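Student: Could you have a look at this structure, given as structure tokens, before my questions?
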Amino acid sequence: MRVGILTFPGSNCDHDCYHVVKHVMGAEAQYVWHKDRLPEKLDAVVVPGGFSYGDYLRCGALARFSPVIADLVTFAERGGPVLGICNGFQILCEAGLLPGVLMRNASLKYICKDVTIRVEGQETPVTRGLVGQSLTMPIAHAEGNYFADPETLDRLEGEGRVVFRYVGGAPNGSARDIAGISGGPSRNVVGLMPHPDRASESILGLEDGKRMFAALLG
């Protein structure tokens, strides 16, 4: 497996994702700078967390115009697996690969804590064999409040594209307690606010995120 890890000015979880893919999971990983073309023959792409372009204007709004995004859209439209984590989720929404938007947390405060999410909906590349199970991993964001109009939310629910939901209520105010959704022609694009990359080693005290990477890497 060859996995591309996108890197933007302000990304700060690209190293975390690279470490998990390469050193924890033993797959081939390579960084892809936002001004470069997406390499050919990638098997999956991870859009990591952080604060791309300092979150100016809106989180992910400027990253959406980076040259690599055009290639990412093509990759996704061809069915390539794409995982967006935290800021990566925000970027995927801004790029139109996922519906909705991530707004300021309802509390207007940055939230950093462990949460439990339930895996729902139809299987995706990162939830194979995990539907119906609960996973614990951290969140770390100020703009994780997922919003979409009622029609979009109903469509996501009806098509089984709500793939992660906060257990016990959303800490950030997300509509219908949504923690992550899928898109793409075969549910191959997945975005979520919690960080599986920070929950993939026993030394960190949490390993549930490793199960998502194991599903992605097959």
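Student: Name every residue in region 17-49 that is surrounded by 22 or more Cβ atoms within 10 Å (Cβ to Cβ) and of a type outside the set (A, V, I, L, M, F, W, C), in order of residue number.
Tutor: Within region 17-49, Pro48, Gly49 meet the criteria.
Student: Can you pull out every residue in region 105-148 that is touching a residue at least 40 places away in the same chain (Cβ under 8 Å), of a type in the set (Ser, Thr, Tyr) and not in a loop (DSSP other than H, G, I, E, B)?
Tutor: Thr116, Thr136, Tyr146
Student: For the subset of region 1-16 comprising residues that are of a type in the set (A, V, I, L, M, F, W, C) and either buried (at least 24 other Cβ atoms within 10 Å of the Cβ) or modelled with pLDDT of 95 or more (or both), which member is nearest to Arg198 (Cα to Cα)?
Tutor: Once the filter is applied, the top-ranked residue is Cys13.
Student: Scan region 123-149 for residues that are surrounded by 22 or more Cβ atoms within 10 Å (Cβ to Cβ) and either polar (S, T, N, Q) or at pLDDT below 95 (or both) and jot them down.
Tutor: The answer is Thr124, Thr127, Asn145.
Student: Under the condition of being touching a Phe, Trp or Tyr at 6+ places or on another chain (Cβ under 7 Å) and in a loop (DSSP other than H, G, I, E, B), which residue from region 167-193 is farthest from Glu151 (Cα to Cα)?
Tutor: So, considering only residues that are touching a Phe, Trp or Tyr at 6+ places or on another chain (Cβ under 7 Å) and in a loop (DSSP other than H, G, I, E, B), the one farthest from Glu151 (Cα to Cα) is Met193.
For (1) of a type in the set (Asp, Glu); (2) closer than 19 Å to Val163 by Cα; (3) in contact (Cβ under 8 Å) with a residue 60 or more places away in the chain, each residue gets a yes or a no:
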site: Leu72; (1), (2), (3): no, no, yes
site: Glu77; (1), (2), (3): yes, no, yes
site: Leu83; (1), (2), (3): no, yes, yes
site: Asn87; (1), (2), (3): no, yes, yes
site: Cys93; (1), (2), (3): no, yes, yes
site: Leu97; (1), (2), (3): no, yes, yes
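Student: As an exercise: evaluate Thr152 against (1) more than 23 Å from Val73 (Cβ to Cβ); (2) surrounded by fewer than 23 Cβ atoms within 10 Å (Cβ to Cβ) and give the number of the one condition it does not meet.
Tutor: (1)
The values are calculated or read from the model by the stated rules, or taken from the named source; none is laboratory data. A quick note: this is a predicted structure, and the numbers were derived from the prediction, not measured. All Cβ positions, even for glycine, are placed from backbone atoms using ideal geometry, and neighbour counts span all protein chains on display.
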